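Each value in this text was obtained by applying a stated rule to the coordinates, not by laboratory testing. The structure displayed is predicted, hence computed values, not measured ones. Cβ sites come from the backbone with ideal geometry, for glycine too, and all protein chains shown count toward neighbours.
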Amino acid sequence: MLRDDALKGKTIVITGGGTGLGRAMGTYFLTLGANLVITSRKTDVLQKAAAEMEQETGGKVLAVTCDVRDYEQVENVLAEALKAFGKVDGLLNNAAGNFISPTERLSANAFSSIIDIVLKGSVNCTLAFGKHWIKEKQKASVLNIVTTYAFTGSAYVVPSACAKGGVLAMTRSLAVEWGKYGIRTNAIAPGPFPTKGAWERLLPGDLAEKFDFKNRVPLKRVGEHQELANLAAFLISDFAGYINGEVISIDGGEWLQGAGQFNGLEAIPNEMWDQFEAMTRSAKGS
Ligand code: HXC
Ligand code: NAP
């Protein structure tokens with residue numbers, strides 16, 4: 001979507017960048033000329049992904065093992081990125097944990113484990129990198145991956161909804177507070193984009209068939225990874241230099257379909273509309 005050198009000379013750090021959507025966005029950033037740092041807990045997965053991404057794009061990828069729940073490990077990512085590339089221009093908070101469950105079945109630790117990865121992890125990374133950028137007087141861009149239920153809420157993924165809601169609040173708050181330092185903070189709220197990580201934890205067994213996301217989306221399809229990558233590349237790039245504090249949904253209209261009071265009338269067959277029209281017209285004088 002963007003021109004080939006849109007991210008040339010930029011270094012971007014992606015948490016959870018070795019799998020799923022993080023990897024797809026990272027691969028496109030490389031294609032556009034960026035240097036990449038990818039982090040997650042599993043060193044073997046990261047290193048394999050880094051090698052494959054380099055081969056695919058000809059770009060440079062540094063893999064640094066990091067549990068985003070641990071602030072010291074996050075500071076180490078920053079140090080390693082600076083050592084390898086001299087500066088960091090963008091942070092993509094993408095790492096997440098999630099699973100479906102009735103809330104009353106959760107232990108306190110289960111709830112905390114999601115809050116710690118998603119909210120505390122995004123806070124840790126944003127704080128460590130933000131302090132650095134402010135000290136160095138460097139302009140930068142933070143992009144947070146949330147979900148549409150960060151603003152609608154959702155049953156059965158309550159820890160994730162709470163955590164993503166917190167990340168959205170951080171996005172809007174820091175957009176204002178750190179705008180004066182030239183740090184832009186934005187978020188993307190993706191709808192359904194099939195990945196192994198998400199589908200295994202959110203649609204186990206035959207749930208993927210029974211609860212087919214396609215039926216929830218006005219465009220009648222799930223998202224393609226490249227579609228998300230296009231939006232992320234734009235938002236993190238200088239082409240979006242005046243966009244700050246926004247959350248952009250990319251969900252084919254999914255959350256709005258669930259929200260509109262009469263949207264369910266979609267189920268009414270065309271031939272019945274003649275009947276309904278006659279009935280509603282005859283109500284004129286009553
Ligand atoms: C109930 C569960 C559970 C489950 C774990 N726990 N799975 N409780 N139902 N299915 C409980 C455990 O018993 C434990 O509590 C606590 O949660 C922590 O579990 P651990 O396995 O020790 O945690 P950890 O090793 O840190 O793993 C974190 C994880 C795991 C979130 C549980 O799934 C993970 O590593 N996920 C990373 C990738 C991921 O989730 N990707 C999907 C993102 S998709 P106790 O009390 O027993 O100690 C996404 C998309 C949203 O966010 C929108 C899609 C359309
Ligand atoms: P995914 O492949 O499971 O990605 C999650 C990544 O987070 C993994 O690489 C994982 O790597 C990393 N991670 C988890 N815990 C971590 C920790 N403590 N420290 C560092 N890294 C950690 O799933 P995905 O679908 O691509 O999700 C990517 C993002 O998109 C998430 O923010 C998710 O909420 C969001 N999202 C996805 C969808 C969708 O439809 N797929 C929809 C809305 C939002 P390790 O296990 O190696 O640590």
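Only residues that are among the hydroxyl-bearing types (Ser, Thr, Tyr), outside any helix (DSSP H, G or I) and under 15 Å from residue 52 (Cα atoms) were counted in the stretch 1-27, giving 1.
Residues are listed down the side, and each one gets a yes or a no for (1) free of Cβ contacts under 8 Å to residues at least 12 places away in the same chain; (2) surrounded by 23 or more Cβ atoms within 10 Å (Cβ to Cβ); (3) β-branched (Val, Ile, Thr); (4) under 23 Å from residue 30 (Cβ atoms):
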site: 96; (1), (2), (3), (4): no, yes, no, yes
site: 106; (1), (2), (3), (4): no, no, no, no
site: 118; (1), (2), (3), (4): no, yes, yes, no
site: 127; (1), (2), (3), (4): no, no, no, no
site: 143; (1), (2), (3), (4): no, yes, no, yes
site: 149; (1), (2), (3), (4): no, no, no, no
site: 157; (1), (2), (3), (4): no, no, yes, no
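Looking at the structure I just gave you, is residue 109 part of a helix (DSSP H, G or I), within 16 Å of ligand 1 (Cβ to nearest atom) and more than 18 Å from the chain's Cα centre (by Cα)? When the stated conditions are applied, residue 109 passes them. Looking at the stretch 71-90, is at least one residue within 20 Å of the chain's Cα centre (by Cα), surrounded by 15 or more Cβ atoms within 10 Å (Cβ to Cβ) and over 30 Å from residue 157 (Cα atoms)? Yes - at least one qualifying residue is present in the stretch 71-90. Taking the residues in the stretch 182-201 that are buried (at least 17 other Cβ atoms within 10 Å of the Cβ) and more than 8 Å from ligand 2 (Cβ to nearest atom) as candidates, determine which candidate is farthest from residue 143 (Cα to Cα). Checked the stretch 182-201; the qualifying residue farthest from residue 143 (Cα to Cα) is 183.
The rows are residues; the columns are (1) crowded, with 24+ Cβ neighbours inside 10 Å; (2) within 16 Å of residue 96 (Cα to Cα); (3) touching a Lys or Arg at 6+ places or on another chain (Cβ under 8 Å).
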| residue | (1), (2), (3) |
| --- | --- |
| 10 | no, no, no |
| 16 | yes, yes, no |
| 21 | yes, yes, no |
| 25 | yes, yes, no |
| 38 | yes, yes, yes |
| 42 | no, yes, no |
| 48 | no, no, no |
| 56 | no, no, no |
| 59 | no, no, no |
